[in-house]
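Engineer: This structure is in structure tokens; I'll ask about it shortly.
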Amino acid sequence: SVGQIIEAFVGSIESKNPALNAIVDFEPKRAREEAAQVQRRVDSGDRLPLAGVPVVIKDVIWVEGRRITQGSQLFKDFIAPRNAVAV
């Protein structure tokens, strides 16, 4: 299920990221909520071939409403006003 996939993903991030510091902005609660939404769609019959595939967006690509530091303390409080085309 999508829920099982996200729990494995969250667990991996929570155990490895403190040493790696690879993921700047991670919200497990939001990830779980989005996974539940996807699971509901799958359960209702939507064909979603990539359902449950975790996605990480690099910290230099804007995601609307998310903190994007671009690897710099100068942007530590910057919130992207819109999505980049890649998103």
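The values are calculated or read from the model by the stated rules, or taken from the named source; none is laboratory data. Everything numeric here is computed off the predicted structure, so don't read it as measured data. Every residue, glycine among them, receives a Cβ derived from its backbone with ideal geometry; neighbour counts consider all protein chains shown. Keep in mind that these areas ignore ligands, DNA and RNA; they rest on the heavy atoms of the full protein, side chains included. Shrake-Rupley method; radii C 1.70, N 1.55, O 1.52, S 1.80 Å.
Engineer: Could you please let me know if Ile6 is modelled with pLDDT of 90 or more and touching a Phe, Trp or Tyr at 6+ places or on another chain (Cβ under 7 Å)?
Structural biologist: Spelling it out, it is not the case that Ile6 is modelled with pLDDT of 90 or more and touching a Phe, Trp or Tyr at 6+ places or on another chain (Cβ under 7 Å).
Engineer: Next up: So which residues in segment 76-87 are more than 24 Å from Ile5 (Cβ to Cβ) and either open to solvent by 80 Å² or more (accessible area, probe 1.4 Å) or of a type outside the set (Phe, Trp, Tyr) (or both), if there are any at all?
Structural biologist: Selection gives Lys76, Asp77, Ile79, Ala80, Pro81, Arg82, Ala84, Val85.
Engineer: Quick check: anything in segment 46-60 touching an Asp or Glu at 6+ places or on another chain (Cβ under 8 Å) and either touching a residue at least 60 places away in the same chain (Cβ under 8 Å) or open to solvent by 50 Å² or more (accessible area, probe 1.4 Å) (or both)?
Structural biologist: no
Engineer: Hey, can you tell me all the residues within segment 21-39 that are open to solvent by 60 Å² or more (accessible area, probe 1.4 Å) and not aromatic (Phe, Trp, Tyr)?
Structural biologist: Asn21, Ala22, Val24, Glu27, Lys29, Arg30, Arg32, Glu33, Glu34, Gln37
Engineer: Which residue, of Ile61, Ile23, is under 11 Å from the mean Cα position of the chain (by Cα) and assigned to a loop (DSSP other than H, G, I, E, B)?
Structural biologist: So the residue among Ile61, Ile23 that is under 11 Å from the mean Cα position of the chain (by Cα) and assigned to a loop (DSSP other than H, G, I, E, B) is Ile23.
Engineer: Still on this structure, I have one more. Restricted to segment 64-75, and to residues that are assigned to a loop (DSSP other than H, G, I, E, B) and open to solvent by less than 90 Å² (accessible area, probe 1.4 Å), which residue is farthest from Gln4 (Cα to Cα)?
Structural biologist: Result: Ser72.
Engineer: Among the residues of segment 61-77, how many are touching a residue at least 12 places away in the same chain (Cβ under 8 Å), over 15 Å from Phe26 (Cβ atoms) and small (Gly, Ala, Ser)?
Structural biologist: Here the count works out to 1.
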